[in-house]
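The values are calculated or read from the model by the stated rules, or taken from the named source; none is laboratory data. These numbers were taken from a predicted model, which means no experiment stands behind them. Heads up, the Cβs are rebuilt from the backbone with ideal geometry, glycines too, and the neighbour counts pull from every protein chain shown.
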Amino acid sequence: MLNSFNTVYQHSIQNPEAFWGEAGEKLHWYKKWDKVLDSSNPPFYRWFAGGITNTCYNALDRHVDEGRGNELAVIYDSPVTGTKQHYTFRQFRDIVALFAGALQSRGVRKGDRVIIYMPMIPEAVVAMLACARIGAIHSVVFGGFASHELAIRIDDCKPKVIISASCGIEHNKVVDYKRLLDFAIELAHFKPEICIIKQRDQLKAELNEERDLTWQQSLLGAEPAQCVPVESSDPLYILYTSGTTGQPKGIVRDHGGHMVALHWSMKNVYNVEPGEVFWAASDVGWVVGHSYIVYAPLLQGCTTLIFEGKPVGTPDPGTFWRIISEHNVSVLFTAPTAFRAIKKEDPNGNYIKNYNLSNFRTLFLAGERADPDTVKWAEKQLQVPVIDHWWQTETGWAIAANCQGIEPGPVKYGSASRAVPGYNVQVVNAEMEELPAGQMGDIVVKLPLPPGTMLTLWKADTRFVETYMKHYPGYYQTSDAGFIDDDGYINIMARTDDVINVAGHRLSTGAIEGALCEHPDVAESAVIGVHDDLKGQVPLGFLVLKNNVDTTESQIIKHVIEYVRENIGPVASFKSAVIVARLPKTRSGKILRSTMRKIANSEEYTMPATIDDPAILDEIREALQTIGYAVNSKPITKTE
Ligand code: COA
Ligand code: AMP
């Protein structure tokens, strides 16, 4: 019989060591931990302290050694290249071990960093697991980021090796990854010793003979590598995510806590058993891809799917249903924006009717708030539970979810459901007082965070403490605001920093502003996230020009759009900007981005009490009207 959700949750909060210790027993350790939780140096908590393990062993070899080597581990389905491949656990283990040996033969050792900048091909997953196997620390950079962003990450984590591909395929266009990589290395101060390039048929890359090897060349003479035992708290990976400034934050994840939490989540949150097919339609460049394309499904002995395509246009809005039916997918996890894209092209779900989805059980959504319309549409079309769940790159797995493997609760539209076992979530005001049910405030999580969450920021312990732990001592500040209702259901309403969410991708307005200000004619800029029916939010730039500029305004706008695309990447979806004479600011000089956002989104706003000159807001409204915004918001009379 299932335990009640409350029993499991309370046990996790009151006896975290007993709770996670039991979960840890299910995995393989070369040496068991001395202590489930080492709290000796808060807020730097360490799970399974003293334990020795290896994540790759647990994700691949363990299943082979336990007799499941012939079961399917990985399916690669690429509608953009017309390719389908299937790998058993044994086959995938052997491929990973050989590539790990290739890395070792080039001098990569435990603790060395390896950047992976790749499209959604099996080699991306092989590279990640090969690093894990030899204790190297991978840092995957999403392919939609351009050279400048890649260069920042190269300089921060100083990789010995970069693994990439000659190209990616986006819709019908071929993206020259190697050109972007070469330029990034040119921009970066730190230079990697070796680049390993997977040559793809769609575009062959030119190699730099002193530095580059093809994937095939790297394997010549390599011997399969054994798993290297590592400390539980040794870093498995660094994943950069956007913060308030243009300098991304390198989230560091460990081996031991991470594998235990993800393994636990597969049964308890997603209710998936070994042998089932679990599909996270995301990208390995994002945390969802790390956790639920690569590590969690394989740790659980499930088959995972590497999908190189889009929900629409590759070739049609029936692709998701084809994949579910053809590969017998039990559970799908994606972002609401993917469903909005499908709904837009196939509002009546006609494509769904062409496929047998009888084995499909649950749809999970995350990455942004799942809007009720999209959830209801998906429920109606698919006739399965549609579960919104909330998480962050920092946590690596869900903070709130309707745990399908414990005791599923009712779905409440607009809510990400209850705090997941392990997370003591509270809503507080600026004075750190816990707020009553229904009241909006900052969402915080009482320390210690459960296993699987970040250890620190790469080489930036002080920034880790100041960004996340200082404002509310004893708590992790999520930078999300919202409320918890009487039933404990959490509603995430907004970010409290300058992070925006574009098609489920997290971006920093600060980074885009930084790029805009590099234009020689731009004196100052502000970027806000405006509502978009498909992508949730898209960035909009406001530019203040220098005096006596020769170039026309429309040329400047064209240039800055191209510049952001070339530097940050197409993923920023930065397609519109407007020129204004001045930006609204407080008397102390802080740009009033949230008021500008409310005006652009036609929301009511309160006139900020500290505004320097209220007339500037009228200028902003007029500027927005010139680019087609039907701005009909009015300030409500009360000042803040
Ligand atoms: N490599 C290179 N370029 C990439 C890329 C990659 N891995 N991923 C995206 N891009 C490019 C796209 O081609 C697009 O370029 P364009 O401006 O020339 O059209 C741009 O970056 C913006 O990409 P995206 O926001 O993904 O828009 P889209 O129009 O290509 O697709 C959706 C829209 C909704 C279909 C798409 O965002 C999607 O499937 N989202 C699923 C959500 C998801 O994966 N979220 C991750 C967290 S769960
Ligand atoms: P990322 O780190 O890219 O996963 O982005 C994390 C941010 O996305 C969170 O801080 C939220 O702002 C937002 N987010 C993710 N999932 C949800 C959700 N289910 N509901 C609301 N916001 C979400």
Elements of type strands (runs of 3 or more DSSP E) contained in the range 230-339, each with 2 or more residues being outside the structural domain of PRO159 (by TED's automatic domain parsing) and either within 16 Å of ligand 2 (Cβ to nearest atom) or without any contact (Cβ under 8 Å) to a residue 40 or more places away in the chain (or both): 329-334
Within the range 373-470, strands (runs of 3 or more DSSP E) holding 2 or more residues that are buried (at least 24 other Cβ atoms within 10 Å of the Cβ): 386-388
Residue selected from the range 476-497 under the condition of a type in the set (D, E, K, R) and away from ligand 2 (no atom under 12 Å from the Cβ), by the criterion nearest to the chain's Cα centre (by Cα): ASP485
Output for the range 301-352, where each listed residue is near ligand 1 (Cβ under 10 Å from one of its atoms) and aliphatic (A, V, I, L, M): VAL312, ALA335, ALA338, ALA341, ILE342
Qualifying residue in the range 264-278 (condition: under 23 Å from ILE95 (Cα atoms), buried (at least 23 other Cβ atoms within 10 Å of the Cβ) and more than 16 Å from ligand 1 (Cβ to nearest atom)): no
From GLY349, GLY301, residue being touching a helix residue (DSSP H, G or I) at 6+ places or on another chain (Cβ under 6 Å) and surrounded by fewer than 18 Cβ atoms within 10 Å (Cβ to Cβ): GLY349
Residue that is under 22 Å from TYR292 (Cβ atoms), more than 24 Å from the chain's Cα centre (by Cα) and among the aliphatic types (A, V, I, L, M), where the choices are LEU60, LEU98, LEU72: LEU72
Single match in SER588, SER602 (criterion: in a loop (DSSP other than H, G, I, E, B), touching a Ser or Thr at 6+ places or on another chain (Cβ under 6 Å) and at pLDDT below 95): SER602
Single residue of the range 558-614 satisfying the filter (away from ligand 1 (no atom under 14 Å from the Cβ) and of a type in the set (Asp, Glu)) that is surrounded by the most Cβ atoms within 10 Å (Cβ to Cβ): ASP612
Subset of the range 492-508 (residues that are away from ligand 1 (no atom under 16 Å from the Cβ) and either buried (at least 22 other Cβ atoms within 10 Å of the Cβ) or at positive phi (or both)): ASP498
The range 27-70, subset part of a strand (DSSP E or B) and among the aromatic types (Phe, Trp, Tyr), residue nearest to PRO450 (Cα to Cα): TRP47
Members of the range 388-444 that are basic (Lys, Arg) and either touching a helix residue (DSSP H, G or I) at 6+ places or on another chain (Cβ under 8 Å) or on the phi > 0 side of the Ramachandran plot (or both): ARG418
Residue within the range 384-405 that is assigned by TED's automatic domain parsing to the domain that holds THR456, more than 16 Å from ligand 2 (Cβ to nearest atom) and either free of Cβ contacts under 8 Å to residues at least 12 places away in the same chain or out of contact with any His (no Cβ under 9 Å at 6 or more places or on another chain) (or both) present: yes
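If a residue has to be part of a strand (DSSP E or B), hydrophobic (A, V, I, L, M, F, W, C) and within 23 Å of the chain's Cα centre (by Cα) to count, how many in the range 162-186 make the cut?
Count: 5.
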Looking only at the range 530-559, and only at residues there that are in contact (Cβ under 8 Å) with a residue 40 or more places away in the chain and in contact with a Ser or Thr (Cβ under 8 Å, 6 or more places away or on another chain), the one that is farthest from ASP613 (Cα to Cα): LEU534
Verdict on ILE387 being more than 30 Å from GLN477 (Cα to Cα) and within 16 Å of ligand 1 (Cβ to nearest atom): no
Selection within the range 146-161 - assigned to a loop (DSSP other than H, G, I, E, B), more than 10 Å from ligand 1 (Cβ to nearest atom) and at negative phi: PRO159, LYS160
Which listed residue, of ALA184, ALA151, ALA127, is under 26 Å from ALA222 (Cβ atoms) and at pLDDT 95 or above: ALA127
Of the criteria (1) more than 14 Å from ligand 2 (Cβ to nearest atom); (2) out of contact with any strand residue (DSSP E or B) (no Cβ under 9 Å at 6 or more places or on another chain); (3) not assigned by TED's automatic domain parsing to the domain that holds ARG253, which one ASP461 fails: (3)
Any hit, the range 42-61, residues being surrounded by fewer than 21 Cβ atoms within 10 Å (Cβ to Cβ), assigned by TED's automatic domain parsing to the domain that holds TYR468 and of a type in the set (S, T, N, Q): no
Candidate set from the range 355-372 (those that are closer than 24 Å to MET493 by Cα, hydrophobic (A, V, I, L, M, F, W, C) and not in a strand (DSSP E or B)); member that is nearest to ligand 2 (Cβ to nearest atom): ALA366
Test: residue in the range 138-145 that is under 29 Å from THR55 (Cβ atoms), surrounded by fewer than 22 Cβ atoms within 10 Å (Cβ to Cβ), within 16 Å of ligand 1 (Cβ to nearest atom) and among the aromatic types (Phe, Trp, Tyr): yes
